[in-house]
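The values are calculated or read from the model by the stated rules, or taken from the named source; none is laboratory data. What you are looking at is a predicted structure, and each value in this text was computed from that prediction instead of being measured. When we count neighbours, we look across all protein chains shown, and the Cβ atoms used for this are built from the backbone with ideal geometry, even at glycine. Quick note on the areas: whole protein, heavy atoms, side chains included, nothing else; ligands and nucleic acids left out. Shrake-Rupley method; radii C 1.70, N 1.55, O 1.52, S 1.80 Å.
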Amino acid sequence: MRARAAEECQHIPRAVAVLAKDYGAETSTGQHSHKRAQLLYATSGLMVTTTVHGTWAVPSGHALLIAPRIVHDVRMHGTVAMRTAYLHPASLGLALPRSCRVLEVSPLLDAALQALAEEPVLYDEDGRGGHLAALILDEIARAEATRLALPMPADTRLRTLCRALLDTPALPYGIDDWADRIGLSRRSLTRHFRAETGLSFGEWRRRLRLLHTLTCRAQGQSLLQAARTSGYRSPQALKAMMRRTGDR
């Protein structure tokens, strides 16, 4: 079967086109965008996707739904086996996000994505391919969103704070320290941070440390190493944080 290309999948007269591709560890797609919505699904490895709106971690068993024309970069941690579905925006209806959303992938969605990747590009819309495409769209609409997202504020001062923590998640500064460093009162920092990200500063930092931990583990680091570079004194403290955020 002739290998299909990402550009080809943007223009075929079908609601869903699936492309299978594998990436080596620590590779990156570079910044790019697509005419269609995109569902990035990792059957193995960890993908971390970055846009101006935020950062999303996509471990195996999860998928990232990206709105059309959103400029994004995808970095691979560990060897990644990717299944990408390019989706006509109109076919998603209310399931189409404004930016990005991480979804849990059901066994049915997993099987349908892998099966449609084996079908011809111009599959029979009234046959098996069309049924698989409809199933994929239905499962995306039903999928539960997860907390594996890190929204970025637009305010320059808050963005400076977030960039520093993205570079070094273990920075020990508390909220009062950060308020002094970026020239805001504690109250203003707290209010603006929640208004722009939908999270408190503490919630945002815990989520960052969780994403950092997932990345470290995908790279083969021990839980002790992940804890130290995330800013926790012990693996036990890191595990406690992961339980609180609902991810183990």
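For the stretch 179-198, what are the residues that are closer than 19 Å to ARG244 by Cβ and open to solvent by 70 Å² or more (accessible area, probe 1.4 Å)? Result: ARG194, single match.
Anything in the stretch 133-153 that is open to solvent by less than 30 Å² (accessible area, probe 1.4 Å) and of a type in the set (Val, Ile, Thr)? List them, or say none. Result: ILE136, ILE140. For the stretch 1-54, the candidate set comprises residues that are of a type in the set (D, E, K, R) and assigned to a strand (DSSP E or B); within that set, the residue that is surrounded by the most Cβ atoms within 10 Å (Cβ to Cβ) is LYS21. Tell me whether the stretch 172-180 contains one or more residues that are among the hydroxyl-bearing types (Ser, Thr, Tyr), assigned to a helix (DSSP H, G or I) and over 16 Å from GLY54 (Cα atoms). So far as the stretch 172-180 goes, no, none of its residues is among the hydroxyl-bearing types (Ser, Thr, Tyr), assigned to a helix (DSSP H, G or I) and over 16 Å from GLY54 (Cα atoms). Scanning the stretch 179-224 for residues that are hydrophobic (A, V, I, L, M, F, W, C) and within 23 Å of ALA237 (Cα to Cα) gives LEU199, PHE201, TRP204, LEU208, LEU210, LEU211, LEU214, CYS216, ALA218, LEU223, LEU224. Residue count for the stretch 199-222, restricted to those that are open to solvent by 40 Å² or more (accessible area, probe 1.4 Å), free of Cβ contacts under 8 Å to residues at least 60 places away in the same chain and over 17 Å from the mean Cα position of the chain (by Cα): 3. For HIS77, the stated conditions hold: it is in contact with a helix residue (DSSP H, G or I) (Cβ under 6 Å, 6 or more places away or on another chain), within 16 Å of LEU148 (Cα to Cα) and of a type outside the set (Val, Ile, Thr).
One line per residue, one yes/no per condition, for (1) part of a loop (DSSP other than H, G, I, E, B); (2) surrounded by 15 or more Cβ atoms within 10 Å (Cβ to Cβ); (3) on the phi < 0 side of the Ramachandran plot:
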position	(1), (2), (3)
LEU92	no, yes, yes
PRO97	yes, yes, yes
LEU103	no, yes, yes
ASP110	no, yes, yes
GLN114	no, yes, yes
GLU119	yes, yes, yes
LEU122	yes, no, yes
ASP126	yes, no, yes
GLY130	no, yes, yes
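For every residue, the table says whether it meets (1) in contact with a Ser or Thr (Cβ under 8 Å, 6 or more places away or on another chain); (2) more than 20 Å from PRO172 (Cα to Cα); (3) assigned to a loop (DSSP other than H, G, I, E, B).
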position: CYS216; (1), (2), (3): yes, no, no
position: GLN225; (1), (2), (3): no, no, no
position: ARG233; (1), (2), (3): no, no, yes
position: GLN236; (1), (2), (3): no, no, no
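Within the stretch 154-178, the residues that satisfy the criterion of being open to solvent by 60 Å² or more (accessible area, probe 1.4 Å) and modelled with pLDDT of 90 or more are THR156, ARG157, THR160, THR168, TYR173, ASP176, ASP177.
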